[in-house]
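Remarks on the structure that follows.
The values are calculated or read from the model by the stated rules, or taken from the named source; none is laboratory data. Computed from a prediction, not measured in an experiment: that's the story for all the values here. Reconstructed Cβ throughout: ideal geometry from the backbone, glycine too, with neighbour counts over all protein chains shown. All accessible areas refer to the heavy atoms of the entire protein, side chains included, with ligands and DNA or RNA removed. Shrake-Rupley method; radii C 1.70, N 1.55, O 1.52, S 1.80 Å.
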Amino acid sequence: MDAKSSENLTNIELKIQDLLNEMTLKEKAGQMLNIGLPTILTGEYWDERDSAVFDAEKFRKYIIEYGVGSIHNTPGYLASKEDWYRIVKEIQDSAIQKSRLGIPVLYGIDNIHGANYINGSVMFPHQIGLAATWNTELTKRSAEITSYESRAASLPWNFNPNADVAINPLWGRISESFGEDPYLISEMTNAYIEGSQGESLGNSTNSAVCLKHFIGYGAGRNGKDRANAIIPENNLRQYFLPPFEEAVKAGAMGVMISSNAVNGVPCHSNSYYINTILKGELGFKGVVISDFNDIEFLIGAHETAKDLREATKLAVNAGLDLIMNPFDGKIIDVIIDLVENGEIEMGRIDDAVTRILRLKFQLNLFEVPYNNPNEYPDFGSKKHIADNYTMASESITLLKNTNAILPFKTNKKVLVTGYASNSINMLNGAWSRTFLGRDTKYNDPTKLTILEAIKKEIGDANVEFVAGTDYTEDVNSILAVSKAKNVDYIVVCVGEIPATEKPSDINELELPLVQQELVKKLAKTGKPIILVMAQGRPRIIKDIEPLVSGILMAYYPGQEGGRAISDVLYGKINPSGKLPYTYPKYSGNSLTYYYKKTDIRDLNWNFDGFYPQFEFGFGLSYTTFNYSKLIVSSDTLVGSNKLKINVDVTNNGSVDGKEIVELFVKDLIATVSPDAKKLIRFEKIHLKVGETKTVEFLISSKELGFIGMENKWVTEEGEFEIQIGGNPQELLTSTFYFKLKDD
């Protein structure tokens, strides 16, 4: 940090202290409340609207009298950046000019895959697709554009990125995560933070992030949203905590607490997690916010508090700073009462308000509380769209390509069918103009579905289309079979209905049977089938995988997904994505790739019980890459020294391509049963035909550590195995010995 930045931070702390000294307890409690925007609009909270009209009495009550610290949510319609400017300007002008202390409001929004609640914004692949690119620069760029377009609407705080470790494939919000691997998640999360926050939050194109969800949200025991997770302390620290720890080091200024419970203790009232670990061990100085209405959740769902007073006491004392109580301001009087009766210390309140004010000052909201939308000429621009197309293109993962059936020739006839074949909503997923992303009235007519993109590529005359099925119902599969007789290839587009949170819950992981039956019926025609999957979760396809010649995993690729999928099918794009999670073959046998050896004991008492459909890190290309000359700089790593690992990668195929070089390490013997392997480095490289590049990684003892029996990181002396390559089943290996110090 340079001297000027240090001085600025010091000045901010002085300004915060001056404000705290002037504030009444009621004003402090007001700063701790985050309400939903509809609370101050005319009509009921969940009403659909075509404009935002403030209710004068509610507006005065919450913005001026209560002085609420923060607002979230949409106005109930898809607002333009100009509409957002008008909404935020009226709120901020009143808060600053009419309240006693003139403190601006902190507006937060769920920018899950772009500034998705602003009309005309770019919507990217969801996080799971960005993770599949294994390209941190693309993730950083997505955050830069999201921040820019969000700031164009005067929305400075983004409830993203999602740093959850998604270990249960049933979980509906896998699509919003960076997958199952802590290291990949950390790298992608930090890239997002860098892109969003930049060098200064005061810059009018940068926005603050809010990491979510702390902690264990992606590990619900039954795979349902907000479900209880069972996480031993050593697992928490080894797998779930590192992405948040690295993100705090990277400067994240917001953390949203998980709605679920871990080991039966709700995260919103877990002082050990928030005060001891997050604010204590990790040194987090930003704002800790609840999720939607989660203080009430302690009462009605977790059953750990009998009323709002007790729930508020538990949550605030546990370290919660900002309470997302969307519907009303009752909690303000509750906080006042708790403080006046000595049940919450004033120091805890001052700490919470300090953090909230700090973020407002860092965002420069006291000086520039809103932004002129006309000063953002690149909003929704061709440049942003082009970047979005690149992200979608690099995310698509080729999982099967029998006899190099792909790419197609453009002079062949194709049948396009399936639930996801002609829907932009299926490509965008949830959080797309609306919460669930299912409303078609907000769809951009310039964006192409898979069907439309294929037609544009090879002409209407070469394309037959039949819907085939809905999500769970047959539409006209018999017609699809009939049409298949007149084509050379069949493209079956399957997928999930867009959903998030509770609406995304499912009871079985299998792809809906009606969609599988469509594939089975079409397979009887003998025509080659390409399966395109538009889905967040890895739905079970073991019964239909043998029937298809090619498989593309598209995840939720966003607005440019149709174009990108078509361009992969026809060879304009050489696919380079790789799976950011393990794709299970059986719903009753799902493991992350970092399983323990005892997890894979088979019926014959051998260790051959890992049965994935496709492994973590797997993905094919239209070219082939050869790995050779693995060189490890020493057979012994000592203490704090570094170990250099080199490998040559050659494109020995017939087209240029991008390859992801993955480096794993395995501890061969440890006092705690070691993982099968652990990702510790990766790099995405571009190779022309015949080109060879030497990829170099440096590692240290830090990468060899694990959480020991005392629940602390340890690195033990012993033998380790390096595994490196681009296909998890064809990795080059080498061993070395780690010593704590020279003899």
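Structure data summary
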{"read-out": "Subset of the range 444-461 (residues that are among the small types (G, A, S) and either surrounded by fewer than 19 Cβ atoms within 10 Å (Cβ to Cβ) or touching a Phe, Trp or Tyr at 6+ places or on another chain (Cβ under 9 Å) (or both))", "value": "G459, A461"}
{"read-out": "Flag for N21 being at pLDDT below 95, farther than 21 Å from V288 by Cα and surrounded by fewer than 18 Cβ atoms within 10 Å (Cβ to Cβ)", "value": "no"}
{"read-out": "Number of positions in the range 536-565 that are acidic (D, E), open to solvent by less than 30 Å² (accessible area, probe 1.4 Å) and in a helix (DSSP H, G or I)", "value": "0"}
{"read-out": "Close pairs (9 angstrom Cβ cut-off, 6 or more residues apart or separate chains): hydroxyl-bearing (S, T, Y) in the range 518-537, open to solvent by 10 Å² or more (accessible area, probe 1.4 Å) anywhere", "value": "T525/V481; T525/K485"}
{"read-out": "Top-ranked residue of the range 508-535 - restricted to ones that are part of a strand (DSSP E or B) and not small (G, A, S), ranked as most open to solvent (accessible area, probe 1.4 Å)", "value": "E510"}
{"read-out": "Every residue from the range 347-382 that is hydrophobic (A, V, I, L, M, F, W, C) and either touching a helix residue (DSSP H, G or I) at 6+ places or on another chain (Cβ under 6 Å) or under 23 Å from S154 (Cβ atoms) (or both)", "value": "I349, V353, I356, L357, L359, F361, L363, L365, F366, V368, F379"}
{"read-out": "Given (1) under 30 Å from P575 (Cβ atoms); (2) open to solvent by 20 Å² or more (accessible area, probe 1.4 Å), number of the condition I669 does not satisfy", "value": "(1)"}
{"read-out": "Matching option when the condition is under 24 Å from Y117 (Cα atoms) and either surrounded by 15 or more Cβ atoms within 10 Å (Cβ to Cβ) or of a type in the set (D, E) (or both), among G36, G30", "value": "G36"}
{"read-out": "Residue list for the range 718-743, filter: touching a Phe, Trp or Tyr at 6+ places or on another chain (Cβ under 6 Å) and surrounded by fewer than 17 Cβ atoms within 10 Å (Cβ to Cβ)", "value": "E719, L732"}
{"read-out": "Members of the range 465-507 that are under 27 Å from N168 (Cβ atoms) and assigned to a loop (DSSP other than H, G, I, E, B)", "value": "D470, Y471, T472, E496, I497, P498, A499, T500, E501, D505, I506, N507"}
{"read-out": "Residue count, the range 121-154 (criterion: assigned to a loop (DSSP other than H, G, I, E, B), within 28 Å of K360 (Cβ to Cβ) and either open to solvent by 10 Å² or more (accessible area, probe 1.4 Å) or in contact with an Asp or Glu (Cβ under 7 Å, 6 or more places away or on another chain) (or both))", "value": "2"}
{"read-out": "Selection count where residues are closer than 19 Å to L211 by Cβ, open to solvent by less than 30 Å² (accessible area, probe 1.4 Å) and not in a strand (DSSP E or B), scope the range 284-301", "value": "5"}
{"read-out": "Search result, residues across the range 203-256 that are among the basic types (K, R), surrounded by fewer than 24 Cβ atoms within 10 Å (Cβ to Cβ) and outside any loop (DSSP other than H, G, I, E, B)", "value": "R237, K249"}
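The rows are residues; the columns are (1) touching a strand residue (DSSP E or B) at 6+ places or on another chain (Cβ under 9 Å); (2) open to solvent by 40 Å² or more (accessible area, probe 1.4 Å).
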residue: T390; (1), (2): no, yes
residue: T402; (1), (2): yes, yes
residue: G418; (1), (2): yes, no
residue: Y442; (1), (2): yes, yes
residue: V463; (1), (2): yes, no
